[in-house]
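Undergrad: Sending over a structure as structure tokens; questions will come in a sec.
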Amino acid sequence: MKFLVAAAAAASLASAVVAKQKVVYAPHITSPAAGTIWNAGQDYNITWDTSDAPVHITNTLGEVLFRVDDVTWDNTTLAKGFNITDGSVKVTAPTVPTGIHYSIVLLGDSGNWSPDFVIVNKNQTLLGSLGL
């Protein structure tokens, strides 16, 4: 009898674990958009669409990473610990050479990156960053 009770309890727990599914949310980034120009060292708002956010999100803590030429810089966190359902976070544009292939990665329980945008470093021209 004790065995049957233990087996029933284990089966009940197993079905509860199976029923809970991970809800992944990857919101669409609205800013920066393609063609956006940031100045190195200045503050900007990154925004994303939260209109389709599920009720229960597995991980609501967000992080913004920097991306150059389709390579994410894991060690360059622009923002961390904000609520992914807020729809925006303020960041400081990194001090990098002037370039046209910069983007950001928005992480929560999934990752989504922006289109390429421009960062202008007033201390360096695009030609100077290309060695010309």
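Undergrad: For a protection proxy built on the mean count of beta-carbon atoms within 10 angstrom, sort 31-37, 49-55, 99-105 highest first, please.
TA: Ranking, from highest mean packing down: 99-105, 31-37, 49-55.
Undergrad: Suppose every Lys and Arg Cβ carries +1 and every Asp and Glu Cβ carries -1, with no other charges. What dipole size does the range 23-129 come out with about its Cα centre, to the nearest 20 debye?
TA: The calculation lands at about 320 debye.
Undergrad: Report the local net charge at residue 119: Lys and Arg +1, Asp and Glu -1, summed over other residues whose C-beta lies under 14 Å from its C-beta.
TA: Its environment carries a net charge of -1.
None of the figures in this text is laboratory data; all of them are computed from the coordinates on show. Quick caveat: nothing in here was measured; it's all calculated off a predicted structure. Here the Cβ is made from the backbone with ideal geometry for all residues, glycine too, and neighbour counts use every protein chain on show.
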